[in-house]
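Right, one structure below, let's go through it.
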Amino acid sequence: MRRIEIAVAVLGLALLLPGFARGETLVLHLDPEASFLDFTLDATMHKVDGHLGPASGDIRFDPASEQASGEVVIDLTASDTGIARRDRKMQEQVLKTDKHPHAVYRVSRIDLLGPLQQGRNDLQLHGRLDLAGTTHEVSVLAHADLDGDHVTASAWLDVSYVDWGLHDPSFFVLRVAKVVRVTMTIEGRLEGEMPVAKPAAR
């Protein structure tokens, strides 16, 4: 009997501690048909615009603790800029898709920059990005629009790809910038029930 009483007391204490607080976990299921990454790279006398391929995966999130898990997987083999020769060089020399066909962003925390609500939400994602055989700590600012259980989100990131160990595609008179702007567009379905604040009246 004494052991049962101790076990009940420990359980009760655990439920009162912040680290053990019970919260509703939300799960965002990405729609790969509507989730993708674009990029823009400045070059001599022009800009290079392209796509990094579709994104898929699930992200789990506890709004109470802001802890998150899950991953976003990007199919780099579908990357293109509209010019076959340039795309082949990008995949073979820069992204190395023969050995690393996917980039994976593993989410560890999501900071809510305001109350979670229907409509627009501002947030910051934290995690690790596996790209072309290297891993980097990455924080990403994002906007997410919540309409019922449907989520549309956009995020952006400036990548100093040379510092990350990726090949610089510059040659002869063609010079390209050392920083590329990556924009992510995400759509998906949010699973899990949680009271959501109503937008403030305007």
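The values are calculated or read from the model by the stated rules, or taken from the named source; none is laboratory data. Given the structure is predicted, the values throughout are model-derived calculations rather than measurements. Using ideal geometry, Cβ is built from the backbone for each residue, glycine included, and neighbour counts are taken over all protein chains shown.
A few points about this structure:
- Top-ranked residue of region 1-43 - restricted to ones that are modelled with pLDDT of 75 or more and aromatic (F, W, Y), ranked as farthest from A78 (Cα to Cα): F39
- Residue in region 148-175 that is modelled with the highest pLDDT, counting only those that are assigned to a strand (DSSP E or B) and aromatic (F, W, Y): W156
- For region 82-135, a residue qualifies if it is of a type in the set (D, E) and either farther than 17 Å from L26 by Cβ or touching a helix residue (DSSP H, G or I) at 6+ places or on another chain (Cβ under 9 Å) (or both), and the qualifying residues are D87, E92, D98, D130.
Residues checked against (1) without any contact (Cβ under 8 Å) to a residue 12 or more places away in the chain; (2) surrounded by fewer than 19 Cβ atoms within 10 Å (Cβ to Cβ); (3) β-branched (V, I, T); (4) under 25 Å from A153 (Cα atoms):
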| position | (1), (2), (3), (4) |
| --- | --- |
| V27 | no, yes, yes, yes |
| I74 | no, no, yes, yes |
| P101 | no, yes, no, yes |
| D111 | no, yes, no, yes |
| L131 | no, no, no, yes |
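- Count - residues of region 148-161 that are surrounded by fewer than 17 Cβ atoms within 10 Å (Cβ to Cβ) and of a type in the set (A, V, I, L, M): 0
- When residues of region 44-95 are limited to those that are assigned to a helix (DSSP H, G or I) and touching a Leu at 6+ places or on another chain (Cβ under 6 Å), the one modelled with the highest pLDDT: L76
- D145 being exposed (fewer than 13 other Cβ atoms within 10 Å of the Cβ) and either in a strand (DSSP E or B) or at pLDDT 85 or above (or both): no
- Residues located in region 104-143, provided they are at positive phi and in contact with a His (Cβ under 6 Å, 6 or more places away or on another chain): A132, G133
- Considering the conditions (1) assigned to a loop (DSSP other than H, G, I, E, B); (2) out of contact with any strand residue (DSSP E or B) (no Cβ under 7 Å at 6 or more places or on another chain), A34 is excluded by exactly one of them, (2).
- Hits in region 34-72 (condition: among the hydroxyl-bearing types (S, T, Y) and in contact (Cβ under 8 Å) with a residue 40 or more places away in the chain): S35, T40, T44, S65
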